[in-house]
Amino acid sequence: MNSQRDSQTTAIGNFPTLQAAEIAAGMLRSNGIPCEVTNQTIASVMPMTDTWTPLRLVVPASYGSRARQLLSDHLDIGE
């Protein structure tokens with residue numbers, strides 16, 4: 001995804017750690033789904049922020065169903 005976030009994105013999961021979010025993002029990217037982990041900068045500076053600033057994985061809305069299916073088939077995505 002480009003640096004200017006598309007207004008047509010959808011959050012597909014919340015993650016407790018940056019590592020968990022990046023594992024999920026890597027799986028999606030390797031399957032051709034563009035994605036972005038939000039709040040990763042604050043999580044790297046303040047690692048105990050998951051209760052008030054969740055790490056979210058967002059994808060373009062058109063990829064939402066496929067991304068959710070991949071994650072549910074291969075990962076426990078939390079919320």
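Within region 33-45, take every residue that is surrounded by 12 or more Cβ atoms within 10 Å (Cβ to Cβ) and aliphatic (A, V, I, L, M) and give me the one that is modelled with the highest pLDDT.
Result: I33.
What number of residues within region 15-27 are in a helix (DSSP H, G or I) and either out of contact with any Lys or Arg (no Cβ under 9 Å at 6 or more places or on another chain) or of a type in the set (D, E, K, R) (or both)?
9
So is I12 part of a loop (DSSP other than H, G, I, E, B), at pLDDT 90 or above and buried (at least 17 other Cβ atoms within 10 Å of the Cβ) or not?
Here the answer is no, as I12 does not meet what is asked.
Counting only residues that are surrounded by 13 or more Cβ atoms within 10 Å (Cβ to Cβ) and either in contact with a Pro (Cβ under 9 Å, 6 or more places away or on another chain) or hydroxyl-bearing (S, T, Y) (or both), how many does region 22-32 have?
1
Checking the structure you have, find out if any residue of region 56-79 is surrounded by 15 or more Cβ atoms within 10 Å (Cβ to Cβ), assigned to a strand (DSSP E or B), under 10 Å from the mean Cα position of the chain (by Cα) and at pLDDT below 90.
No, region 56-79 contains no residue that is surrounded by 15 or more Cβ atoms within 10 Å (Cβ to Cβ), assigned to a strand (DSSP E or B), under 10 Å from the mean Cα position of the chain (by Cα) and at pLDDT below 90.
The values are calculated or read from the model by the stated rules, or taken from the named source; none is laboratory data. As the structure is a prediction and not an experimental result, all values here were calculated from the model. Positions of Cβ are backbone-derived with ideal geometry, glycine not excepted, and every protein chain shown enters the neighbour counts.
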